[in-house]
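The values are calculated or read from the model by the stated rules, or taken from the named source; none is laboratory data. From a predicted model like this one, the values you see are computed outputs, not experimental measurements. Cβ sites come from the backbone with ideal geometry, for glycine too, and all protein chains shown count toward neighbours. When the accessible area is computed, the model is the full protein with side chains, heavy atoms only, and any ligands, DNA or RNA have been set aside. Shrake-Rupley method; radii C 1.70, N 1.55, O 1.52, S 1.80 Å.
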Amino acid sequence: WDNADFSRGVGTTFYQEFPTLNTVKPPFVRDVEAKVRRYLRSSYSAAWTLKITWEKAPAYAARTDTRRTITYQAILTTDGFRSYVLMLYQEGGMRWDYTRLTATNVLIGYT
């Protein structure tokens with residue numbers, strides 16, 4: 001999420017909330033639950049999920065290059081006791097030119 005720059009009018013951020021406690025779960029939430037179960041090998045039933053999408057996000061500072069953009073998502077989900085974050089990146093990985101960023105110790109994901 002660090003160093004995206006939307007100041008030049010390139011790229012968009014969307015979000016969608018899925019409160020699913022005592023409601024029918026949409027296919028997206030069922031898919032998130034399946035991923036959590038598969039990755040963690042545990043039972044999981046989401047009570048709330050938030051999907052955030054950064055579409056065609058240019059790197060900071062956008063004034064230098066708005067052609068290399070990246071689309072990625074963060075999905076936050078909780079069952080009320082445990083919470084998880086899924087970080088999803090477009091196929092092909094990070095397309096920003098990391099040599100032009102102010103920090104050169106760039107990671108995709110978190111540490």
(message) Quick check on my filter: what residues within the stretch 69-85 are at negative phi and either surrounded by fewer than 13 Cβ atoms within 10 Å (Cβ to Cβ) or touching a Leu at 6+ places or on another chain (Cβ under 8 Å) (or both)?
(response) Tyr72, Gln73, Ala74, Ile75, Leu76, Thr77, Phe81, Arg82, Ser83, Tyr84, Val85
(message) Out of the residues in the stretch 1-50 meeting the condition of being small (Gly, Ala, Ser) and under 15 Å from the mean Cα position of the chain (by Cα), tell me which one is surrounded by the most Cβ atoms within 10 Å (Cβ to Cβ).
(response) Gly11
(message) Going residue by residue through the stretch 97-104, is there one that turns out to be at pLDDT 90 or above and open to solvent by less than 100 Å² (accessible area, probe 1.4 Å)?
(response) no
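Would the stretch 10-18 turn up any residue that is assigned to a loop (DSSP other than H, G, I, E, B) and on the phi < 0 side of the Ramachandran plot?
Start the filter on the stretch 10-18 by keeping residues that are assigned to a loop (DSSP other than H, G, I, E, B), which leaves 10-11.
Checking which are on the phi < 0 side of the Ramachandran plot leaves us with 10.
Checked the stretch 10-18: at least one residue is assigned to a loop (DSSP other than H, G, I, E, B) and on the phi < 0 side of the Ramachandran plot.
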(request) Look at the stretch 19-58 and say how many of its residues are free of Cβ contacts under 8 Å to residues at least 40 places away in the same chain and in a strand (DSSP E or B). (result) 6
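What about Thr53, is it open to solvent by less than 60 Å² (accessible area, probe 1.4 Å), closer than 18 Å to Asp5 by Cβ and either within 15 Å of the chain's Cα centre (by Cα) or among the charged types (D, E, K, R) (or both)? Give the steps one after another, and end with the answer.
Details: open to solvent by less than 60 Å² (accessible area, probe 1.4 Å): yes; closer than 18 Å to Asp5 by Cβ: yes; either within 15 Å of the chain's Cα centre (by Cα) or among the charged types (D, E, K, R) (or both): yes.
Yes; evaluated as a whole, the condition is true for this residue.
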